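For reference, the structure discussed in these notes is given below.
The numbers here are math on the coordinates, done by the rules we state, and not lab data. Bear in mind the structure is a predicted one, so any value in this text is a computation, not a measurement.
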Amino acid sequence: MTFNLLHLASMMRRAGGFPAYGNQRTAWDAGSRPGNANPEYR
């Protein structure tokens, strides 16, 4: 498990961090749900 965590940390460091797409609280509060179908569609 330690190796996996260190390897993941290394990959994220090389990639420049965790992407914010779909992970922004203000967008969720505004109603944005990327990748989900609109339940109000008729």
Fill in the blank from the handout: Summing -39500 (n - 2.57) over every DSSP H run of at least 4 residues in the chain and dividing by its residue count gives a helix-only mean residue ellipticity at 222 nm, to the nearest 500 deg cm²/dmol, of -13000 deg cm²/dmol
Completion exercise
For the chain, the longest principal axis of the Cα atoms and the Cα long axis of helix 2-15 enclose an angle in degrees, to the nearest 10, of 60 degrees
